[in-house]
There are 2 protein chains.
Amino acid sequence: MEIRRDVFQAIADPTRREIIDLIAFDTKNLNAIADNFDMSRQAISQHIRILEECGLVVIKKDGRERFCQAKLEKLYEINEWTERYRVFWTGKMGALRKFLDQESDALNRTAKGSSRIKRKNK
Amino acid sequence: MEIRRDVFQAIADPTRREIIDLIAFDTKNLNAIADNFDMSRQAISQHIRILEECGLVVIKKDGRERFCQAKLEKLYEINEWTERYRVFWTGKMGALRKFLDQESDALNRTAKGSSRIKRKNK
DNA sequence: AGTTTGCGCAAGTAGATCCTTGCATATATA
DNA sequence: TATATATGCAAGGATCTACTTGCGCAAACT
């Protein structure tokens with residue numbers, strides 16, 4: 001198992017999603033972020049490092065402070081993946097199934113014998 | 001750390017995403033799915049159990065076979081979360097920042113002294 | 001100069017995750 | 001009935017993950 005540090009992995013953790021929600025449109029420094037959570041500053045710091053490593057956060061140093069700015073372009077990857085299955089929650093799945101069934105029916109008519117449909121009686 | 005079995009967690013694993021891609025519009029039985037991967041049948045079986053537990057897959061028994069059907073309604077949760085940050089990849093972030101800056105400028109004019117902007121010189 | 005504040009580094013830990021192997025069981029097929 | 005097929009259950013191992021605590025250090029107040 002090699003180390004995975006992709007966006008899907010990054011947003012799997014609810015704390016990291018909360019961090020993103022917090023700073024999405026409002027750059028904050030590390031302690032300001034940590035204040036919102038019931039865990040140590042270091043824990044938050046580590047989460048932010050992960051977000052940084054996969055490109056969802058940019059850290060800008062200013063004196064002794066580290067300002068964390070969201071850079072959520074990569075969430076497009078995830079958005080695009082889920083978007084492919086949009087039909088599942090728009091209530092149009094019925095129509096799609098109907099269409100797919102007609103497709104395979106047509107295929108069966110033209111090429112009987114090589115049924116693509118795995119079906120059993122009982 | 002309690003056990004998390006939510007959709008974000010479920011799709012964090014690339015194998016599980018591949019499984020979803022495979023059966024999204026095409027119900028398959030367990031072995032047929034496992035054939036597509038370079039790991040044991042049990043490994044795939046366990047991934048599918050996880051997908052089932054969080055409601056992304058429904059298993060229909062038919063004789064000795066288990067047909068796995070995708071039920072991706074819950075991906076809406078993820079789609080909705082990413083959708084909130086769409087502005088980041090549509091190239092409209094500049095306009096948004098401009099707008100937000102004007103907002104805080106206005107705030108500063110009406111209520112000087114209680115600056116919302118944390119700023120330092122140098 | 002002394003103290004506080006913001007943060008990093010490092011080590012340690014409990015438990016989760018991903019995968020394996022071995023064996024059992026029901027259902028088909030010859 | 002004997003064999004092959006589709007699958008489940010259970011235990012074990014190597015990592016990985018999400019924390020913690022303790023210490024150090026530079027920047028910023030007093």
All positions within the stretch B:49-77 that are assigned to a loop (DSSP other than H, G, I, E, B) and within 9 Å of DNA strand C (Cβ to nearest atom) | B:Gly63, B:Arg64
On the given criteria, is B:Lys60 exposed (fewer than 15 other Cβ atoms within 10 Å of the Cβ) and touching a strand residue (DSSP E or B) at 6+ places or on another chain (Cβ under 9 Å)?
-> yes
Starting from the stretch A:23-44, take each residue that is over 27 Å from B:Met93 (Cα atoms) and list its partners that are within 12 Å of DNA strand D (Cβ to nearest atom) and assigned to a loop (DSSP other than H, G, I, E, B), counting only C-beta distances under 9 angstrom and pairs at least six apart or across chains.
-> A:Ala43/A:Phe37
When residues of the stretch A:21-48 are filtered for being more than 12 Å from DNA strand C (Cβ to nearest atom), closer than 22 Å to B:Ala12 by Cα and open to solvent by 30 Å² or more (accessible area, probe 1.4 Å), how many remain?
-> 2
Being free of Cβ contacts under 8 Å to residues at least 40 places away in the same chain and assigned to a helix (DSSP H, G or I) is the filter; apply it to the stretch A:1-18 and report the residue that is nearest to the chain's Cα centre (by Cα).
-> A:Arg17
Matching residues, the stretch A:56-75, being more than 16 Å from DNA strand D (Cβ to nearest atom) and farther than 13 Å from B:Ile78 by Cβ = A:Val58, A:Cys68, A:Gln69, A:Ala70, A:Lys71, A:Leu72, A:Glu73, A:Lys74
Can you spot a residue in the stretch A:66-79 that is among the basic types (Lys, Arg) and at pLDDT below 95?
-> no
In the stretch B:21-48, which residues are part of a helix (DSSP H, G or I) and of a type in the set (D, E, K, R)?
-> B:Asp21, B:Arg41
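The values are calculated or read from the model by the stated rules, or taken from the named source; none is laboratory data. The structure presented is a predicted model; accordingly, all values stated were derived computationally and were not measured. A quick note on method: Cβ atoms are made from the backbone with ideal geometry, for glycine too, and the neighbour counts reach across all protein chains shown. In case anyone asks, the SASA skips ligands and DNA or RNA and just uses the protein heavy atoms, side chains included. Shrake-Rupley method; radii C 1.70, N 1.55, O 1.52, S 1.80 Å.
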